[in-house]
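Quick notes on the structure that follows.
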Amino acid sequence: VIGKGMNPPQKTLFTPEKICMDWRQKRRPGAGLYNLGSTCYLNVVLQCLTYTPPLANYLLSRQHSRFCHQQGFCMMCIMEAHVRKVLYSSASAIRPRAVIRDLRFIGEFKPDIPGDAYEFLRCTLSAMQRACLSGSSDLDISSQGTTIIHQIFRGILRSRVTCLSCKTVSDFYMAFLDILLKIKGASSLTTALEDFVTPKQLDGKKCFKCSKCKKKVAASKRVTIHHEPRVLTVCLGRADERTSRKISQIVGYPEFLDLRPYMSDTAGEPLLYSLYAVVVHSGHTCLEGHFFCYIKVSNGQWYKMNDVAVDSCGIHTVLGQQAYLLFYAR
C-alpha cells in the first residue's frame, strides 16, 4: 500500500488532554440573536458554535484573548466575546454586531444579502483557524492540525484507490472539518453515509495514473473516515448538482450515531456520537428562504432558536426536521 499525507506533527499548539467534551457549567439557554438585515444564516452558525461544548469551554476560559497579539481582526477574540455575551446576558436577545462589522474578513458576505449557513460555517472555522495560527510561521501541515479548532472539528479521510489492472492499492489522506453528503435517493443519514463509503468506479475522464502500470488506468476509489473528529459536522447537500434546485426530501437522522461502520477500520468498539445541534432551511429554493436551528443547551434541554426567539421543544420535534446541517459530539 502506497500512502500519502500522514506525518506526525513537529509541534503541538494545543494539548488535546485539555479539551473538555462536557459542559464545565450548566445553565439555562442564552440569548437569541437579532436578524440585522438578512443575517439568519449567520445567526444559526453562531448559535451552533456557541453550544459546541469543547469550543464554548475553551472560549469561556479566555485562554485565547489573554495571549492574543493580533492587530485588528481576530475571529477567535470575536467568538470569545460573542459566546460570553450570549451565555451570560440577561437580555432575551442580543445583536451580533462585531461579527457583522467584520463580515468581509470572514468571507464574501454582506449583511443585507442572504447567505448560505454551510458556507458561513466553513469560512468562520477557517477564520478561527487562521487566528490560532497567527504568530506561528513555517509550521508543517500536521502541526497546523493541532490548534484547538482542528483538535475539535478535524478528522481524516482516507481515499483508497485500487488499480483495476494490477490491483495495486494507493492510499491518500485528507483532513476534513465537515462532511458534505449527497442525499438524492437517501432516506436517512445512515444510507447517505453508506453511499459515501461505497467504492466508486473511476473511468473515462477520471483516469488514475497507476505508479506500477506507469500509465492511466481504470480504477476504483473508496473513501472512509480514517480518524474520527471529536465533533462531527455533516451537511446534507440540498442543492441538486445539475439543476441547483433545492432537494426538499426528509432525510431521517438519529439522536445517537455510531460512526464505526464508516471508518477505515470497521472492527472494534462502537464510535458513538450524540446530536447537539441541527440547522434547518425552510424555503423552496436554495437562494431564498430562512434558516433556524435546534440546539441542546448545557442543561441537556432542546430549544428552537429562530433569530430572537428561543423556545423549548422535545427531541421528537428536533428529529423530524428538514435538516441542512447536523452537529454530533463524541
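The values are calculated or read from the model by the stated rules, or taken from the named source; none is laboratory data. These numbers were taken from a predicted model, which means no experiment stands behind them. Virtual Cβ from ideal backbone geometry, glycine too; neighbours counted across all protein chains shown. Surface accessibility is based on the protein's heavy atoms, side chains included, excluding ligands, DNA and RNA. Shrake-Rupley method; radii C 1.70, N 1.55, O 1.52, S 1.80 Å.
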### Query
Among Ala219, Ala186, Ala31, whose mean-square fluctuation peaks in a Gaussian network model of the chain (Cα, cutoff 10 Å)?
Ala219
### Task
Evaluate Rg over Rh across segment 26-181, taking Cα atoms for both radii and Kirkwood's formula for Rh.
1.05
### Query
Carbon and sulfur atoms: what percent of the 1.4 Å accessible area of the chain do they account for?
51
### Summary
With +1 on the Cβ of every Lys and Arg and -1 on the Cβ of every Asp and Glu, the dipole magnitude of the chain about its Cα centre, in debye rounded to the nearest 20, is 780
#### Entry: Solvent-free Debye scattering, log10 I(q)/I(0), computed from the Cα coordinates of segment 237-330 at q = 0.12, 0.17 Å⁻¹
-0.47, -0.83
### Task
In whole Å, largest first, what are the principal axis extents of the Cα atoms in segment 98-242?
57, 41, 28
### Query
Given Val217, Cys123, Ser188, which one lies farthest toward the positive end of the charge dipole of segment 84-230, if we put +1 on the Cβ of every Lys and Arg and -1 on the Cβ of every Asp and Glu?
Val217
### Summary
Rounded to the nearest whole number, the Stokes-Einstein translational diffusion coefficient of segment 289-330 at 37 °C and 0.692 mPa s (Kirkwood radius, C-alpha pairs) in µm²/s is 296
### Query
Which of Leu139, Leu60, Leu103 moves the most in a Gaussian network model of the chain with Cα springs under 10 Å?
Leu139
### Computed accessible area, Arg230, all protein chains, 1.4 angstrom probe, square angstrom
70
### Summary
With label points set 7 Å from each Cα along the Cα-to-Cβ direction at Asp195 and Asp265, the distance between them in nm comes to 3.0
### Task
At 7 Å along the Cα-to-beta-carbon direction for both Ser38 and Leu139, put a label point, then send me their distance in nm to one decimal.
3.5
### Summary
By the rule of another cysteine's Cβ lying under 4.7 Å, the cysteines of the chain that fail to get a partner are Cys20, Cys40, Cys48, Cys68, Cys123, Cys132, Cys166, Cys207, Cys235, Cys286, Cys293, Cys313
### Task
Would you please state which residues of segment 105-121 a label at Leu180 would reach in this model, taking the label point 7 Å out along Cα→Cβ and a backbone N cut-off of under 20 Å?
106-110, 114-121
## Note on the structure
Expressed in angstrom and rounded, the centroid-to-centroid distance over alpha carbons for segment 95-142 and segment 261-330 is 22
### Computed E for Arg28/Ala81 - FRET, C-beta separation, R0 22 angstrom, nearest 0.05
0.60
### Counting DSSP beta bridges with both ends in segment 150-228, the antiparallel % (nearest 5)
100
### Query
How long is the gain from Ile113 to Asp258 if the chain were fully straight, where each residue apart is worth 0.36 nm and the alpha carbon distance is subtracted?
48.4 nm
### Task
At 0.36 nm per residue, minus the direct Cα-Cα distance, what do Asp102 and Asn7 gain on full extension? Give it in nm, one decimal, please.
30.7 nm
### Query
Over all distinct Cα pairs, what is the inverse of the mean 1/r for segment 180-283, reported as the Kirkwood hydrodynamic radius in Å?
16.1
### Task
Please report, to one decimal in angstroms, the Kirkwood hydrodynamic radius of segment 178-217 built from all distinct Cα-Cα pairs.
12.4
### Query
Over the Cα atoms of the chain, how large are the radius of gyration and the largest Cα-Cα distance (Dmax), in Å?
20.6, 67
### Message
Per residue of segment 246-253, what does 6.51 cos²θ - 1.76 cosθ + 1.60 with θ = phi - 60° give for ³J(HN,Hα)? Whole Hz please, x for Gly and Pro, Karplus curve as stated.
### Response
7, 8, 9, 4, 7, 10, x, 9
### Task
Choose one answer from Thr168, Thr52, Thr39: the residue with the largest mean-square fluctuation in a GNM of the chain with alpha-carbon springs under 10 Å.
Thr168
### Message
Viscosity 1.306 mPa s, temperature 10 °C: what is the translational diffusion coefficient of segment 215-256 from Stokes-Einstein with a Kirkwood Rh over Cα pairs, rounded to a whole number of µm²/s?
### Response
110
